[in-house]
Structure formats: C-alpha cells, structure tokens
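**Q** Attaching a single structure in structure tokens format; questions to follow.
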C-alpha cells in the first residue's frame, strides 16, 4: 500500500516515476524530477506504540542499512496520518531504523525538517532544503501544492 500511495503522490506532484523490473535493486522506484533521476526506497509505517512513535526500517531484506551509492532518497509514509518524509539517504547512513513523532508537540524527530519536503527533489541543485534554499526563492512550490 505504501508503494501505491507513493506512486499516486509523486505523479500528482508532477514527477515522472518508473518501477524497476524485479526485486533485484535496493530501490523501489526511479523518480524523474526533470533535472535528474533519483533512486527512491519507499517505507511505510502503519501503527504506533503508545508513545506516538512511528518507526520505519532503513534496511532491506539483508538488514543492512541503505547507502548513498545504492539509494538516493528514503521516502517514509506514515499511513494513519497521511504524512510523508522525504529524506536523503546520506542523512541516515548506518541507521537501521528511523523514528517519527508527527503528532507530538514535545518529542520531535530530527527528521521533522524532511516532512513533506518534496521540493528538494525538484531543485536543480539536488541539495536538501536544509543545506540550500530551493531555486524558487525559498518558497517550496512542491510543498505548497501538497497542502
């Protein structure tokens, strides 16, 4: 369900999307931003323990964390909240799991800056919005269209 939701979301934002044949690659999709192709791994969280933490694995079947030479972007979908996190794999190197707290006013994930951060995939620089403002003067047209 997470991959189907990703396909729908990415296409609705104007990205081109391709699905590699078979299950031999470490990424689920190739996303075409118009300026570059991104290797995307999609993960989904369906439920949370009582502490409000949603967790996704940053590993494949081998339990080895994804590396930037294999995958460019990890997209996490918190299904019950319909919230997306678009994270550069370089920011989670060596991390086996990632915790998100989308409902908490007190406990914040260090990945909150990537919530609905589709814009950095569309930026010509390919850098994260946290590292450099998008070419649209700091306003994110992708994030605004997602609202």
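**Q** Might you check whether a residue that is in a loop (DSSP other than H, G, I, E, B), surrounded by 14 or more Cβ atoms within 10 Å (Cβ to Cβ), modelled with pLDDT of 90 or more and in contact with a helix residue (DSSP H, G or I) (Cβ under 8 Å, 6 or more places away or on another chain) occurs anywhere in the stretch 44-62?
**A** Checked against the condition, which is being in a loop (DSSP other than H, G, I, E, B), surrounded by 14 or more Cβ atoms within 10 Å (Cβ to Cβ), modelled with pLDDT of 90 or more and in contact with a helix residue (DSSP H, G or I) (Cβ under 8 Å, 6 or more places away or on another chain), the stretch 44-62 yields at least one hit.
**Q** Report whether or not residue 34 is surrounded by fewer than 17 Cβ atoms within 10 Å (Cβ to Cβ), modelled with pLDDT under 90 and closer than 15 Å to residue 122 by Cα. Give the steps one after another, and end with the answer.
**A** Working: surrounded by fewer than 17 Cβ atoms within 10 Å (Cβ to Cβ): yes; modelled with pLDDT under 90: yes; closer than 15 Å to residue 122 by Cα: yes.
It is true that residue 34 is surrounded by fewer than 17 Cβ atoms within 10 Å (Cβ to Cβ), modelled with pLDDT under 90 and closer than 15 Å to residue 122 by Cα.
**Q** Name the residues in the stretch 52-71 that are more than 13 Å from residue 96 (Cβ to Cβ) and in contact (Cβ under 8 Å) with a residue 12 or more places away in the chain, would you?
**A** 52, 53, 54, 68, 70, 71 - these are the residues of the stretch 52-71 that are more than 13 Å from residue 96 (Cβ to Cβ) and in contact (Cβ under 8 Å) with a residue 12 or more places away in the chain.
**Q** For residue 39, which of the numbered conditions (1) out of contact with any strand residue (DSSP E or B) (no Cβ under 6 Å at 6 or more places or on another chain); (2) part of a loop (DSSP other than H, G, I, E, B); (3) modelled with pLDDT of 90 or more fails to hold?
**A** (2)
So that you can scan it fast, the table gives a plain yes or no per residue for (1) in contact with a strand residue (DSSP E or B) (Cβ under 6 Å, 6 or more places away or on another chain); (2) assigned to a helix (DSSP H, G or I); (3) over 19 Å from residue 6 (Cα atoms); (4) at pLDDT below 90:
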{"site": "67", "(1), (2), (3), (4)": "no, no, yes, no"}
{"site": "71", "(1), (2), (3), (4)": "yes, no, no, no"}
{"site": "76", "(1), (2), (3), (4)": "yes, no, no, no"}
{"site": "87", "(1), (2), (3), (4)": "yes, no, no, no"}
{"site": "90", "(1), (2), (3), (4)": "no, yes, yes, no"}
{"site": "98", "(1), (2), (3), (4)": "yes, no, no, no"}
{"site": "102", "(1), (2), (3), (4)": "yes, no, no, yes"}
{"site": "105", "(1), (2), (3), (4)": "no, no, yes, yes"}
{"site": "108", "(1), (2), (3), (4)": "no, no, yes, yes"}
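The values are calculated or read from the model by the stated rules, or taken from the named source; none is laboratory data. Everything numeric here is computed off the predicted structure, so don't read it as measured data. As a convention, Cβ positions derive from the backbone with ideal geometry for all residues, glycine included, and neighbour counts pool all protein chains shown.
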